[in-house]
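All remarks here apply to the structure that follows.
The values are calculated or read from the model by the stated rules, or taken from the named source; none is laboratory data. Bear in mind the structure is a predicted one, so any value in this text is a computation, not a measurement. Because the Cβ atoms are built from the backbone with ideal geometry, glycine has one as well, and the counts that use them run over all protein chains shown. These area figures cover heavy atoms from the full protein model, side chains too; ligands, DNA and RNA do not enter into them. Shrake-Rupley method; radii C 1.70, N 1.55, O 1.52, S 1.80 Å.
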Amino acid sequence: MRRAVDRSNVLFQEWADVAESSQKTLIIDPERDALLQAWANELRPGQREIADWTGGRLAVSAVPGAGKSTGMAVAAAITIARQGLHTKRQLILVTFTRSAAANLKSKIRDRLKVLNLPMGGFLVTTLHGLAWSIARSYPDLSGITDDTILSTASQSHRLIRGAVEQWITEHPGLYGRLVDGMTFDGEETERLRRQSVLRTEVLPALAMTVVQEAKKSGLKPEDLRSAGLDCPDDYAVLTIAAGLYEEYQRQLRSRNWMDYDEMILGALRVLQDSSACEHWRSQVFAVFEDEAQDSSPLQTQLLEILALQDGVQNLIRVGDPNQAINSTFTPADPVFFRSFCEVCDSEGALAEMTQAGRSSAVILDAANYVLNWANATQRKLGKELPFRSQMIEAVPADDPQPEANPEPEASGFEIHRPGDTYESVARMGDRMLQLLTAQPDRSAAVLVRTNDQGRFVASELHRLYPTLSIFEVGEQERRSHIPAEMLALLQFCDRPHSPDALKAALKILLTHKRIPAQDLNAIAISPEQFLYPSTLDPELSPEAQVASRICRSLLKSRIELPLYQIIPFFAYTLDYDQAELATTDKLTERLSQQLQEQSLGQLITILSEIVSSEQFEPVMMESSENLYTRSGVVTIITMHKAKGLDWDFVFIPFLHESMIPGKLYVPRPAEFLGPFTLSEVARAQIRAQVHGKVLPDLLTAWARAEELKQAEEYRLLYVAMTRAKRLLWLSAAKRAPFAWSKPEGLGDRTPSPVISALIKQFPDRVVAP
């Protein structure tokens, strides 16, 4: 029998100071049993089934605001007490994020303190934390040793780029077919442009998508290659995908690195060994999983193996498939959890948490209507339904939740059709000022689809309503990117004739709106002609002339400025705001402390290490306590980041058809390949393979990918709407930007079909100008 490395048990012995003899104190006495029963009686339907569970599989489908974590915490405390769990046989609770794990752990410990029970009977962890401990306990089985390094996002991106370059070298025929595209006249400048697009955009995107989708689904490169032979196409997309995936894996192993998916695979390799698997199972009583709709097939497989006890799977999975909003950029397809619910339903082991106390009744009505409307609309089109048919219900009057289903603010639900997006912000600002002046203890948020929208809203609110306290979450994220931006500009100054370095610098300038929008690939292929054109070279476009002038000023700074002044100069060139400049000063100070010689090369080396380690914290201009939901503050945040949060007043502007449900689009530089993107085609084909379906051709795969994207956009809006407690404010301006990078470029825009349907259903909620 293999022997586990001793430190593996740290995971299951977080409170190892609890003596084994304490197990004898875990006998249920009548007084404690009465308290446990009282707790169970307070639970809502769905929560109660978890508390009453004694073994086997159980699926719990919950609605937004149903109190999943509270229900799981109470049920966990009851299970620990009734089953006499301890440090050597624990209840394992798995959740999605560290913050959620900390919150759930705190709630369980509070209950156990009331019961006067030791804290060793449970463990709350993220799934990757669990996998990491399992993998490291048997390094000879997992292939993960003390020397194995978890790659950062930045390092993974470098691996992807390296895999692309190596694949191009080894597969000139397939690469040449991509360069030729649908049509090609052989013109050399166009060839160079296409090669740049493929090397820096198309193939990295394809590689990233394939590595995520295939690895999380348990597929190997040979699986994709075999599927590609069964479903040939003009570009051999899955064959290319298999090659990129294979090269990425080779580079990962050669460096003794691992990514998060490798962590899961390593844990599964351990559990495939019978003695190692028994060692881990012997320490587990059962597994409770939260946010199950976000699990990939590989993650689910890990939990199912661990939860198998004497032929019975002691596994409770709690989630809301209607809040699955990550499936278009992760393999967490809501189909998997829906399928689990259906299987459990056939076994009589499905519970539903349909009662929620977060929102006013009128907000619940609006959210339920959107769910039903979206399902009916997609059903008529013969498409897969975006939602599981599950309505949100108000809680009973005697529910113990404080202020459950609170009284609405005025009508509680408003729909606006302002003339343009500037009027949208003005209407929001007027309403916010009125609400927060009268009720400063309340919270408010603006939920946007993109960070560009958030930046526009913040800018206009600051301009029009200087007394409003505003926190833009995207601003904090932009500050965290400062080291990477400085590194890219320094690398350009060091290698100005490198097309890749030039393009990276141009992208940053374009992001910060320092240069006009233009085809960066067309100018990056010939850096010398772009930076220092001769009289014989074709004249640059006006947009390219602006970009060339700024790039030359960056190069000039390297010659004329001391090394310690170059980064501050870059910051002013990018027009950083006060907080970003403060972060730049902090970065410059750190670099000065580490710089031993005044050389650009060493400066780039030190900055590269900072970017790779991802351990540089931006300067925070505001307190981090309850950062997103503070009373009296207007939080501007994307819909994705808003999941799991709530506010008294929620404003959701810019609801146009182009955004929700929107459409997939092909970037103009890549249109030579056809009316699709290779990454989305590969995603749809891999998902078809995972679900055991016939692999679609290129155009069918693209249509399927768009269908999945639109279904997720409807779920995203549903999540956003259910963040509101007392007021839900929606708007779709008649004129809006075509591209939010240029918010001043207004044009007529069609409202989202959701807005049109809501206006028809709730005509009395439409607010006149």
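Helix-only arithmetic for the chain: the sum of -39500 (n - 2.57) across DSSP H runs with n ≥ 4, divided by the residue total, places the mean residue ellipticity at 222 nm at -16000 deg cm²/dmol. In vacuum, with every alpha carbon of the range 68-218 counted as one equal point scatterer, what does the Debye formula give for log10 I(q)/I(0) at q = 0.15 Å⁻¹? Two decimals, please. Evaluating at q = 0.15 Å⁻¹ gives log10 I(q)/I(0) of -0.90. Each residue, Ser99 and Lys113, gets one label point 7 Å from its Cα in the Cβ direction; the gap between the two is 2.3 nm.
Bridges between two residues of the chain, per DSSP, are antiparallel at a rate of about 15%. What you get for the chain, charging only the Cβ of Lys and Arg (+1) and of Asp and Glu (-1), is a dipole of about 380 debye around the Cα centre. Which shape class, rounded, prolate or oblate, goes with the range 157-263 when its Cα gyration tensor gives a ≥ b ≥ c as root eigenvalues, a/c under 1.5 marks rounded, and past that a/b bigger than b/c marks prolate? It comes out oblate by the Cα gyration axes. Quick one: compute the contact order of the chain, relative version, from alpha carbon pairs under 8 angstrom and 6+ residues apart, as a percent. Averaging sequence separation for qualifying contacts and normalising by length gives 18 percent for the chain.
Among His416, Leu306, Gly162, whose Cα projects farthest towards the positive end of the dipole of the chain, with charges put on the beta-carbon of Lys, Arg (+1) and Asp, Glu (-1)? Farthest towards the positive end: His416.
Bridgeable lysines around Lys113 (alpha carbons under 19 Å apart, same-chain partners fewer than 8 residues away excluded): Lys24, Lys105.
With each label modelled as a point 7 angstrom along the Cα→C-beta vector, the Leu150-Asp748 pair spans 5.3 nm. Here are some values of Rg and Dmax of the Cα atoms in Å: (1) 37.3, 143; (2) 44.6, 144; (3) 27.8, 95. Which one was computed from this structure? Read-out from the structure maps to (3). On full extension, the segment bounded by Glu403 and Glu589 gains 62.0 nm, given 0.36 nm per residue less the C-alpha separation. Solvent-accessible area per residue in the range 661-755 equals 37 Å², computed with a 1.4 angstrom probe and all protein chains kept. Taking a straight line from the alpha carbon of Lys380, these lysines sit under 30 Å away, with near neighbours fewer than eight places off in the same chain left out: Lys643, Lys663, Lys693, Lys709, Lys734, Lys760.
Over all pairs of different C-alpha atoms, the range 461-504 has a mean inverse distance whose reciprocal, the Kirkwood radius, equals 12.9 Å. Per residue, the Cα convex hull of the range 379-487 amounts to 248 Å³. Each Cα pair under 8 Å and six or more residues apart adds its separation to the average, and for the range 260-359 the resulting relative contact order is 25 percent. Helix 451-464 and the long axis of the chain differ in direction by around 90°, with both axes built from C-alpha atoms. Which residues in the range 97-126 have a backbone N closer than 17 Å to a point placed 7 Å from the Cα of Ala38 along the Cα-to-Cβ line? Backbone N within reach: 110-117. Length gained on full extension, Leu385 to Asp180, computed as 0.36 nm times the residue gap minus the Cα-Cα distance: 70.0 nm. Place +1 on the Cβ of every Lys and Arg and -1 on the Cβ of every Asp and Glu in the range 283-385, take the dipole about the Cα centre, and give the residue among Met353, Phe288, Ser327 whose Cα lies farthest towards its positive end. My answer, from the dipole projection, is Ser327. Per residue, the Cα convex hull of the range 611-769 amounts to 223 Å³. Could you give the angle, 0 to 90 degrees to the nearest 10, between helix 68-83's Cα long axis and the longest principal axis of the Cα atoms of the chain? Compared with the principal axis, the helix lies near 40 degrees.
Fully extending the segment from Arg82 to Ser553, taken as 0.36 nm per residue of separation minus the present Cα-Cα distance, adds 162.4 nm. Note on the range 33-120: Cα-only Rg and Dmax are 12.5, 35 Å.
The range 415-472 and the range 279-333 have Cα centres spaced 40 Å apart.
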